[in-house]
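Peer 1: Can you keep this structure in mind? I'll have questions shortly.
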Amino acid sequence: MSIRLLSETIINQIAAGEVIERPASVVKELVENAIDAGATRIEIVTAGGGKNLIRVTDNGGGIPADELTLAVSRHCTSKLTDDVHDIRALGFRGEALPSIGSVARLSIKSRTAEADSGYEVVVRGGHLEGPRPTAINRGTIVEVSDLFYATPARLKFMKTDRAESTAITEVVKRIAISFPQVRFSIAGTDRSPLELPATCTAGETVSEAAMLERISQVLGADFSENALALDSEREGVRLTGFTAIPSFNRANSLHQFAYINGRPVRDKQVFGALRGAYSDVIARDRHPVGVLFLQLDPAYVDVNVHPAKADVRFRDPGLVRGLIVGTIRHALAQSGIRPATSGAEAMLKAFQAQGFETSERSSGSFTSSPARSWQSATSYRPEPPRQEWSPQTAHPAQRPLHLDTQPAQRFEQAGFGEALQATISQFTAPSADSRAAEIEAPAELLRTPLGAARAQIHANYIVSQTEDSLVIVDQHAAHERLVYEALKTALESKPMAAQMLLIPEIVDLPEEDAERVVAHAPTLERFGLSVEQFGPGAVAVRETPAMLGEMDVQQLIRDLADEIAEHDTANGLKDMLNHVAATMACHGSVRSGRRMKGEEMNALLRQMEATPGSGTCNHGRPTYIELKLSDIERLFGRR
Ligand code: ADP
Ligand code: MG
């Protein structure tokens, strides 16, 4: 076959293959056009998951009659002049409308403020009809029907109506977050209607409160209760937005949003940085929740990497990553200690599920399996007790020790290693008495964030009281976090003190694992853990970190081998050190099952208050939950 120029329709269909993947991509293009036209109200109607009908109505500037034909022609745009590096609108490629027209029936009705009537064009199978006069208010109505009728192969790849209609909602929500001055509504025979009223007036600068309100419309009201505001700038790149505290995490990444100069993107570098910021406070299979807005000179970012404009290229990716990770980590540290409100809410629900519903007491139903309802009502699951503590297995340094009256002060004065040792040492042997006895504590402790410890129950939970709440702390999770933070801090200053083992411990491992551990011996040395090769497939451990006391060396080395295998190549030394610290913390912290004295509990609470990030354990679960007195009163119908 000889070479020839393809027909306009075929060219448009090829472009459509990239821009219009599914009904949601049509909605994205049409809504972006409406926003570019300055609309403050955008109504979306769909049928059959968008395959049968998509209609987007806006109150924007409209298209003059004599430009309607151009609007549906390829490479015609009103948004770009001569500089492809100066892109300020959402659209600029002049591709969407002709592409849609080549794979569906497309009708555009529009009227500008100046025109005395509206006009309509219709494109069917690449064939144009109009413009002809039509009745319409100021603005534009774009209607797309029988999507992909002209490309049946694409039609076959469509998911169920329900899935497509959900995808449309997701797209609209994603755009809506960065345009709080616009009112969005979605309705149709294939969905329940959704309204997102504007949270500020057009033309005003968008306040933080307006932004947060719109985000909460999309992510749910509980987001704002758990959100930390971000605002920082580095070398002309500004980052604003909100991320949630670590314990407010999700099982997938659908609740992560990123915008560059207002444009929604799904850029891997940006989301990678968001994940990176939470890497040591969230479990690997959980996802942080957050909304990031980046603002920078359009010349420093290329948005023209992909036709759907989801990926971007930064001139200085390292700067952007550093800004995101640094700002979020700073916000997390600043937030101090704060549990997810979802913890207390889950607790309330759990109580209520057992028939103690207060607002509808008469109709409250009793669930026969309170344990099950607790499990289902909350995402928080305490770890099952691991190895039971007993005086025989305890390191001598972990046996009872006389305590100062001011443990927190003592912690500060002592050297770091010693201080931690002392904290660990404060945990005493189990007493024969298994009752939870109330503990006397000075009244001023009631005014501290975590309050005065009152009792330890089930040998793992510290129950404490503040002026207006009840707090329950998971002692194992909390202590693990404190040890981890202490390890990280100690690492920054000097190699940690080691403690020589009387007889070196030999650990048998698969050969590759042994090699990996030995290859990282210098790193482990910094933690005070000394290992060397002991023939193929074994390592000898001669010293362990003094800070951690006695531990199960075999298990520690095996866990470290796993960590090294997983993090060796990808993340570099710093990440690796954090993972080693986390593994060591897990092995070196107080097990559940250990009884504690009142002073010890209060010492732990004070140390938690003093340690940023101690509100979540290393796996991203809360280390404590708080129930406000007002909630307790509600449970008892006193309010
Ligand atoms: P692009 O958005 O990349 O410019 P499109 O094919 O999406 O390309 O749209 C072509 C042109 O049609 C736009 O540049 C704009 O001038 C006009 N247009 C499209 N939709 C609207 C709308 N809802 N209101 C006003 N003008 C519109
Ligand atoms: Mg467009």
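Peer 1: With respect to Asp559, determine if the residue is touching a His at 6+ places or on another chain (Cβ under 9 Å), open to solvent by less than 50 Å² (accessible area, probe 1.4 Å) and either touching a residue at least 24 places away in the same chain (Cβ under 8 Å) or not in a strand (DSSP E or B) (or both).
Peer 2: Considered against the rule, which asks whether it is touching a His at 6+ places or on another chain (Cβ under 9 Å), open to solvent by less than 50 Å² (accessible area, probe 1.4 Å) and either touching a residue at least 24 places away in the same chain (Cβ under 8 Å) or not in a strand (DSSP E or B) (or both), Asp559 comes out as yes.
Peer 1: Within region 153-166, identify whether any single residue is within 16 Å of ligand 2 (Cβ to nearest atom), open to solvent by less than 10 Å² (accessible area, probe 1.4 Å), out of contact with any Leu (no Cβ under 6 Å at 6 or more places or on another chain) and in the same structural domain as Asn59 (by TED's automatic domain parsing), and answer yes or no.
Peer 2: Taking every residue of region 153-166 in turn, none turns out to be within 16 Å of ligand 2 (Cβ to nearest atom), open to solvent by less than 10 Å² (accessible area, probe 1.4 Å), out of contact with any Leu (no Cβ under 6 Å at 6 or more places or on another chain) and in the same structural domain as Asn59 (by TED's automatic domain parsing).
Peer 1: Any residue at all in region 107-118 that is touching a residue at least 60 places away in the same chain (Cβ under 8 Å) and in a loop (DSSP other than H, G, I, E, B)?
Peer 2: So far as region 107-118 goes, no, none of its residues is touching a residue at least 60 places away in the same chain (Cβ under 8 Å) and in a loop (DSSP other than H, G, I, E, B).
Peer 1: For region 22-40, name all the residues that are outside any helix (DSSP H, G or I) and either within 11 Å of Asn59 (Cα to Cα) or without any contact (Cβ under 8 Å) to a residue 24 or more places away in the chain (or both).
Peer 2: Answer for region 22-40, where residues must be outside any helix (DSSP H, G or I) and either within 11 Å of Asn59 (Cα to Cα) or without any contact (Cβ under 8 Å) to a residue 24 or more places away in the chain (or both): Ala37, Gly38, Ala39, Thr40.
Peer 1: Tally up the residues in region 123-171 that are modelled with pLDDT under 90 and at positive phi, please.
Peer 2: Total satisfying the criteria: 4.
Peer 1: Do we have Ala39 as at pLDDT 85 or above and either in contact with a strand residue (DSSP E or B) (Cβ under 9 Å, 6 or more places away or on another chain) or closer than 24 Å to Ala310 by Cβ (or both) here?
Peer 2: Judged against the criteria, Ala39 is a match.
Peer 1: If you check Phe184, Phe257, Phe242, which single one turns out to be in the same structural domain as Val27 (by TED's automatic domain parsing), under 29 Å from Val301 (Cα atoms) and surrounded by 18 or more Cβ atoms within 10 Å (Cβ to Cβ)?
Peer 2: One residue alone meets the criteria, Phe184.
Peer 1: Restricting attention to region 41-70, report how many residues are closer than 21 Å to Arg105 by Cβ, within 8 Å of ligand 1 (Cβ to nearest atom) and touching a residue at least 40 places away in the same chain (Cβ under 8 Å).
Peer 2: 3
Peer 1: On the given criteria, is Gly126 more than 9 Å from ligand 1 (Cβ to nearest atom) and open to solvent by 20 Å² or more (accessible area, probe 1.4 Å)?
Peer 2: For Gly126, the condition - more than 9 Å from ligand 1 (Cβ to nearest atom) and open to solvent by 20 Å² or more (accessible area, probe 1.4 Å) - is met.
Peer 1: Please find, within region 438-483, the residue that is farthest from Ile282 (Cα to Cα) out of those that are open to solvent by 60 Å² or more (accessible area, probe 1.4 Å) and assigned to a helix (DSSP H, G or I).
Peer 2: The residue in question is Ala443.
Peer 1: Further question: Could you grab me the full set of residues in region 295-315 that are modelled with pLDDT of 85 or more and either touching a helix residue (DSSP H, G or I) at 6+ places or on another chain (Cβ under 7 Å) or not assigned by TED's automatic domain parsing to the domain that holds Asp231 (or both)?
Peer 2: Phe314, Arg315
Peer 1: Before we move on, is Val541 outside the structural domain of Ser279 (by TED's automatic domain parsing), over 35 Å from the mean Cα position of the chain (by Cα), modelled with pLDDT of 85 or more and crowded, with 20+ Cβ neighbours inside 10 Å?
Peer 2: Here the answer is yes, as Val541 does meet what is asked.
Peer 1: Then there's this: Tell me, which residue of region 129-149 that is among the small types (Gly, Ala, Ser) and under 45 Å from the mean Cα position of the chain (by Cα) is least open to solvent (accessible area, probe 1.4 Å)?
Peer 2: Ranking the qualifying residues of region 129-149, first place goes to Gly139.
Peer 1: Only one of (1) part of a loop (DSSP other than H, G, I, E, B); (2) among the aliphatic types (A, V, I, L, M); (3) open to solvent by 40 Å² or more (accessible area, probe 1.4 Å) fails for Leu502. Which number is that?
Peer 2: It fails just one condition, (1).
Peer 1: What are the pairs with Cβ atoms under 7 angstrom where one residue, in region 92-105, is part of a loop (DSSP other than H, G, I, E, B) and the other, located anywhere, is more than 10 Å from ligand 2 (Cβ to nearest atom) and among the polar types (S, T, N, Q)? Sequence gap at least six, or different chains.
Peer 2: Listed by first residue and then by second, the contacts come to Ala104/Ser145.
Peer 1: Filter region 77-94 for residues that are modelled with pLDDT of 75 or more and more than 6 Å from ligand 1 (Cβ to nearest atom); which is surrounded by the most Cβ atoms within 10 Å (Cβ to Cβ)?
Peer 2: Across region 77-94, the extreme among qualifying residues is Leu90.
Peer 1: Follow-up question, since we're still on this one. So is Ile42 within 14 Å of ligand 2 (Cβ to nearest atom), under 38 Å from the mean Cα position of the chain (by Cα) and farther than 23 Å from Ala15 by Cα or not?
Peer 2: So Ile42 fits the description; yes.
Peer 1: Something else about it: Ala519 passes all but one of (1) surrounded by 16 or more Cβ atoms within 10 Å (Cβ to Cβ); (2) more than 27 Å from Lys597 (Cα to Cα); which number fails?
Peer 2: Exception for Ala519: condition (1).
Peer 1: Ok, one more. Looking at (1) at positive phi; (2) assigned to a strand (DSSP E or B), find the lone condition where Gly535 falls short.
Peer 2: Unmet for Gly535, out of (1) at positive phi; (2) assigned to a strand (DSSP E or B): (2).
Peer 1: When you check Arg275 against the structure, is it open to solvent by 20 Å² or more (accessible area, probe 1.4 Å), in contact with a Gly (Cβ under 7 Å, 6 or more places away or on another chain) and within 30 Å of Ala477 (Cα to Cα), yes or no?
Peer 2: So Arg275 fails the test.
Peer 1: Still on this structure, I have one more. Out of Ala251, Ala221, Ala210, report the one residue that is over 24 Å from Arg55 (Cβ atoms), of a type in the set (A, V, I, L, M) and modelled with pLDDT of 90 or more.
Peer 2: The conditions single out Ala210.
The values are calculated or read from the model by the stated rules, or taken from the named source; none is laboratory data. As the structure is a prediction and not an experimental result, all values here were calculated from the model. Please note: Cβ atoms are built from the backbone with ideal geometry, for glycine as well, and neighbour counts cover all protein chains shown. What goes into the accessible areas is simple: the full protein's heavy atoms, side chains included, and nothing from ligands, DNA or RNA. Shrake-Rupley method; radii C 1.70, N 1.55, O 1.52, S 1.80 Å.
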